[in-house]
Amino acid sequence: MAKDRRNRRQIPHRLESVGYVPVRNDAADDRLWKIGSKRQAIYARKVMALRDRIAAASDLCRRPGSEVSQVSDQPLSSPRARALPSEH
């Protein structure tokens, strides 16, 4: 579904409907995060504090070999690391 161009615009709405919000990168002009060699949007749980969302996104980007799958059902080791990337 995420690779299909027709459905791409539905992804943010679906993530928001299940409690995820986009984490914007204020340091980048396009507000996207660099994960591996791609610029991607990252979503985090709405219940997390903004500071924790940004910290989790930063941790995700700094991870060695951070080739992250688009959606992960598995909880990560750190409670702060629950941010999910979403290709744009």
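Any read-out appearing in this document is the output of simple, stated calculations on the displayed coordinates, not a laboratory observation. Treat the numbers as computed from the prediction; the structure is a model and nothing was measured. Every residue, glycine among them, receives a Cβ derived from its backbone with ideal geometry; neighbour counts consider all protein chains shown.
Long-range amide H contacts for Tyr43: which residues qualify at under 5 Å (H placed 1.01 Å from N, peptide plane, sequence gap of 5 or more or a different chain)?
Val23, Leu84, Ser86
Which order do peptides 51-60, 5-14 fall in by mean Cβ count within 10 Å, highest first?
With the highest mean Cβ count within 10 Å placed first, the list reads 51-60, 5-14.
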